[in-house]
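Visitor: For reference, the structure I am asking about is given below.
The values are calculated or read from the model by the stated rules, or taken from the named source; none is laboratory data. Treat the numbers as computed from the prediction; the structure is a model and nothing was measured. In this analysis, Cβ positions are derived from the backbone assuming ideal geometry, glycine residues included, and neighbour counts consider all displayed protein chains.
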Amino acid sequence: MNINTNYNITTAYTNKVTTSKDHLGKDDFLKLLVTQLKNQDPLNPMDDKEFIAQLAQFSTLEQIQNMNSSFNAVKAINLLDKNIYATITDNNGNPRAVMGKVDAVYKQNGEYFLEVNGIDVPLDAVTAVLG
């Protein structure tokens, strides 16, 4: 099982971070653990040390995701009243540059957005902070 542990905080404003269905999340990890427990041999159950290690991994994964969400909130709020440059995709699938002052920040469906000149810009689309 591969778990993405590639986190780079120093380039938060320059790298686009996306979550895709190619990576396992905490829900997937918990489903695997429950399935493993359901299907184990009752005469030869999982070693308790192995089970505790898997629970610890699950807890660590959950805390990392919570920290990432908190970090994104702080990042978005810190961009208020700053000028940013972002590249977004319009409705036709074409890239579009957006530059201007961040007037508002909001969260929708777990993702943070910045309002720049009346345009909604995903936080991950920001490529530069101009001041």
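Visitor: Somewhere in the range 60-78, is a residue loosely packed, with under 11 Cβ neighbours inside 10 Å and of a type in the set (S, T, N, Q)?
Guide: So far as the range 60-78 goes, yes, one or more of its residues are loosely packed, with under 11 Cβ neighbours inside 10 Å and of a type in the set (S, T, N, Q).
Visitor: Hey, N94 hits all of (1) crowded, with 17+ Cβ neighbours inside 10 Å; (2) out of contact with any strand residue (DSSP E or B) (no Cβ under 7 Å at 6 or more places or on another chain) but one; which does it fall short on?
Guide: (1)
Visitor: I'm told G100 meets every condition in (1) modelled with pLDDT of 90 or more; (2) exposed (fewer than 13 other Cβ atoms within 10 Å of the Cβ); (3) over 24 Å from the mean Cα position of the chain (by Cα) except one. Can you identify the failing condition by its number?
Guide: (2)
Visitor: Right, another one. Here are the criteria: (1) at pLDDT below 80; (2) in contact with a helix residue (DSSP H, G or I) (Cβ under 6 Å, 6 or more places away or on another chain). Tell me which single one A86 does not satisfy.
Guide: (1)
To keep it simple, each residue is scored yes or no on (1) farther than 25 Å from F29 by Cα; (2) in contact with a helix residue (DSSP H, G or I) (Cβ under 9 Å, 6 or more places away or on another chain); (3) assigned to a strand (DSSP E or B).
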residue: N44; (1), (2), (3): no, no, no
residue: Q57; (1), (2), (3): no, yes, no
residue: N66; (1), (2), (3): no, no, no
residue: S70; (1), (2), (3): no, no, no
residue: D81; (1), (2), (3): yes, no, no
residue: R96; (1), (2), (3): yes, no, yes
residue: Y106; (1), (2), (3): yes, yes, yes
residue: E115; (1), (2), (3): yes, no, yes
residue: T127; (1), (2), (3): yes, no, yes
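Visitor: Take the residues in the range 110-127 that are over 20 Å from the mean Cα position of the chain (by Cα) and among the hydrophobic types (A, V, I, L, M, F, W, C); name whichever of them is farthest from M99 (Cα to Cα).
Guide: I119
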